[in-house]
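Presented below is the structure to which this report refers.
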Amino acid sequence: MHGKLAGWNDTITALATPQGIGAIGVIRVSGTAAIDIVNELFPSKDLTAQPSHTLHVGFLKSGEVLLDEVVVALFKAPKSFTGENVVEISCHGSHYIQEQVLAQLVKQGARIAKPGEFTQRAFINGKMDLTQAEAVADIIASNTEASKRNALQNIRGGFSHTLKQLRDQLISFSALIELELDFSQEDVTFADRPQLFRLLDEALVQVNKLLQSFKLGNVIKNGVQVAIIGKPNAGKSTLLNTLLNEERAIVSDIAGTTRDTIEEVLNINGVLFRLIDTAGIREHTSDVIETIGVEKSMAKMREADIVLYLYDITQTTAAELQAMEAQFAAEHLQYLLVANKADQLPNTYSPAGNGKLVTISAKNEQGIEDLKQQLFKLAVSENLQTDQTLVTNARHVAALQEVYTALQDIRDALDNNIPGDLLAIDIRRCLHFLGEITGEVTNEDQLDYIFSKFCIGK
Ligand code: GDP
């Protein structure tokens, strides 16, 4: 089915852990000759005679040259990540050692793997479908609890399971239609029409739910862009500092996170919120509000998923707010009105009413938690179920849209009593696009593209 890919029988190798110094580095070798190749460098014992899923400590040597003391893990086909013979060599985490080991493996006949090639082989050997393979890339890139949870669910086949249900529904649908076709000479209608409609409507609802989940899925995977705007002296930089100071206290212990990213990013309930254009706020250079209506500033706001409009509660009239709201609505912007300096007026704190208004004191750090939770609610729909399947991949969305259109065409055809053989064409089209998502139907260019986005060693 996979053309030239199916013919691959060379053995590949790559460093599976990050480049750089660490306690250990893991080098992966996968392919028919994986065990033989490593065995050539491992004089302590005959690896080819060892059972699968065993660990072996010993020295790697090239002739008389000692390379490293290592632990070798053996996984024999088909019970391995790629479905091929796999050897994982844990060596010391020195760049020099790893390069030497890789060079010797290549000398023995292995080839350096292309990005994503291990996962690609796992896919080709039926170890996982395409959505699971893509989830491998997502989980490596995941940086919050929510994105990790979603990727893990997809690795375990959460999304594939939903698609399979859909496929089963369509297949039973098409079985009913075929039955009718078989007897078309006799001019009988076998397929129970109300049942057909019911099946279709269920499928349409399900696909629509998946399509809708993309917005949320994307939020979980990539974060939410938030723009804080407001007149000079509204308290934008004070609010920014309040939000980020709190965050710094939380995240500064995490090794490897750079100050730059910390300064721009808030983690609210496991979802990342990116405060865009914060530099401008700090330097008091761009007073967006004074230039509202000017295309440039509107474009900036349109980049944001949520606009946070901060105003001084002691200086702002209801009319002004209404004008702002009208403007946001006209631009179809999601926004939150944030009344600041509530400490200046007694008794102005109120629980966030319609979800669009929050009252805070940026300076006294009051109402900040409420503000964060309102942001979260705006970004992540309130009726999110934790076990809901989320679509996070643009490729899947494109295919699902085709599935949806095909389903609608089938429905129209049924409505108009179109003959069964024409219906069958639409059904096949629908199944085709479903198959594209999971990789049952695919082409090599598409596969190459998907796997090229992986890092080497995966
Ligand atoms: P920006 O121009 O919108 O960035 O506003 P700043 O953050 O620089 O704040 C302008 C002034 O308002 C500063 O003197 C702040 O101390 C003050 N300010 C900011 N937030 C509050 C607040 O919640 N209460 C009070 N009383 N003053 C505040």
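The values are calculated or read from the model by the stated rules, or taken from the named source; none is laboratory data. Keep in mind it's a predicted model, so treat the numbers as computed, not measured. All Cβ positions, even for glycine, are placed from backbone atoms using ideal geometry, and neighbour counts span all protein chains on display.
Details
- The condition of being within 16 Å of T32 (Cβ to Cβ) and either modelled with pLDDT under 90 or touching a Phe, Trp or Tyr at 6+ places or on another chain (Cβ under 6 Å) (or both) holds for only one of E117, E134, E84, E145, that being E117.
- Counting only helices (runs of 4 or more DSSP H) that sit wholly inside segment 193-270, those with at least 2 residues that are modelled with pLDDT of 70 or more are 193-222, 236-251.
- Any hit, segment 290-312, residues being assigned to a helix (DSSP H, G or I), modelled with pLDDT under 85, within 14 Å of the ligand (Cβ to nearest atom) and surrounded by fewer than 14 Cβ atoms within 10 Å (Cβ to Cβ): yes
- Any hit, segment 370-379, residues being among the acidic types (D, E), modelled with pLDDT of 85 or more, away from the ligand (no atom under 16 Å from the Cβ) and not in a loop (DSSP other than H, G, I, E, B): no
Conditions tested, residue by residue: (1) under 25 Å from V136 (Cβ atoms); (2) surrounded by fewer than 22 Cβ atoms within 10 Å (Cβ to Cβ).
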{"site": "A14", "(1), (2)": "yes, no"}
{"site": "G20", "(1), (2)": "yes, yes"}
{"site": "A23", "(1), (2)": "yes, yes"}
{"site": "I35", "(1), (2)": "yes, no"}
{"site": "V38", "(1), (2)": "yes, no"}
{"site": "K45", "(1), (2)": "no, yes"}
{"site": "S62", "(1), (2)": "no, yes"}
{"site": "E88", "(1), (2)": "yes, yes"}
{"site": "H92", "(1), (2)": "no, yes"}
